[in-house]
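Read through the structure below, which is laid out as structure tokens, and then see the notes.
The values are calculated or read from the model by the stated rules, or taken from the named source; none is laboratory data. On a predicted model such as this, the values are computed, not experimentally measured, just so you know. Positions of Cβ are backbone-derived with ideal geometry, glycine not excepted, and every protein chain shown enters the neighbour counts.
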Amino acid sequence: MSTTGGAVWGSFQWGAGSPGGTVTPGVPLQNMVLDAYRIAGITLMPQVTPNIEKMNEALPMFNRLVGSWNSGGGLKIFTINISIFPQIAGKGTSENPYTIGGPGLGADWDAPRPQFWAKANIIFPTNPPVRRDIQIVDDIQWGSIQLTNIPGAPPWALYPDMGFPITRVYTTPQPTAGYQFEFYTWQALPYAQTLGDLIVLPDGYEQALVFTLAEMIAARNPAIQNMAPESRLEARKARYALNVQNTQSRRLVPSEWTGRQGTWVNWRTGLYD
């Protein structure tokens with residue numbers, strides 16, 4: 001995954017543009033919908049558009065497609081978002097966790113609820129700042145920690161309960177004032193608001209979105225669709241290309257860590273530890 005690239009849905013911008021603020025021109029969602037209807041075999045002639053009801057039906061279908069990609073194990077996510085949040089006194093305990101979600105939901109950290117947490121750091125209040133890794137644990141691991149409420153020390157473990165739309169975040173221990181949290185999280189693809197929204201994405205995404213949306217439109221209109229087998233194959237190829245592009249190669253593990261049993265292999269190079 002990359003921390004570069006960008007997307008614009010309407011006026012919403014995420015990770016896009018140059019330092020000067022300009023954004024690469026994109027494609028209106030309406031144009032993608034028109035292509036999808038033609039690929040689905042519902043409109044067969046160039047420049048012939050579906051009626052307004054059919055066009056409007058495609059907007060929620062597009063958003064459902066985006067939602068499924070956001071929850072699909074990260075293989076359609078191309079950007080990691082790096083965010084820094086302040087430590088808040090008295091927060092992080094079992095009785096009083098941090099909250100994240102929004103914007104505008106009243107959470108301690110007023111930011112979108114992460115779909116997946118890739119990494120977390122605690123930033124010490126030093127000059128220059130020093131970072132230390134925090135282990136992100138699941139509910140079983142968190143439940144196995146016998147004592148979690150330990151004030152006055154930098155945390156070594158962090159547990160997000162993945163609640164929606166607000167996630168509660170627990171830490172152990174709980175730091176004193178001045179520390180900051182640094183989170184590396186999936187930057188989910190945003191939902192479209194109108195058919196006029198501008199779609200700006202890295203190479204390969206438009207192809208996969210249009211052909212997959214065509215499959216959904218064909219399924220929604222079984223009596224009138226005539227989607228060619230070649231188009232369905234192209235949809236699978238486009239999605240597979242994104243999966244390959246966004247798949248991270250496993251790190252190589254030193255043999256002394258594994259006893260040379262079950263050693264990881266870097267599938268891109270073919271090399272073992």
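Looking at 4, 24, just one residue is surrounded by 13 or more Cβ atoms within 10 Å (Cβ to Cβ), among the hydroxyl-bearing types (Ser, Thr, Tyr) and at pLDDT below 70, and that residue is 24. The single residue among 241, 214 that is at pLDDT below 95, part of a helix (DSSP H, G or I) and in the same structural domain as residue 59 (by TED's automatic domain parsing) turns out to be 241. Of the residues examined, residue 176 is not one that is polar (S, T, N, Q), more than 24 Å from residue 109 (Cα to Cα) and assigned to a loop (DSSP other than H, G, I, E, B).
So, in the range 84-115, exactly how many residues are closer than 20 Å to residue 175 by Cβ and either surrounded by fewer than 18 Cβ atoms within 10 Å (Cβ to Cβ) or among the charged types (D, E, K, R) (or both)? Number of matching residues: 13.
Of all residues in the range 87-101, none are in a loop (DSSP other than H, G, I, E, B), touching a Phe, Trp or Tyr at 6+ places or on another chain (Cβ under 9 Å) and modelled with pLDDT under 90. Return the residues of the range 195-221 that are in contact (Cβ under 8 Å) with a residue 24 or more places away in the chain and among the small types (Gly, Ala, Ser); say none if nothing qualifies. Once the filter is applied, which keeps residues that are in contact (Cβ under 8 Å) with a residue 24 or more places away in the chain and among the small types (Gly, Ala, Ser), the range 195-221 yields 196, 204, 208, 214, 218.
So, in the range 179-190, of the ones that are assigned to a strand (DSSP E or B) and more than 19 Å from the chain's Cα centre (by Cα), which residue ends up nearest to residue 136 (Cα to Cα)? Looking at the filtered set, the residue picked out is 181.
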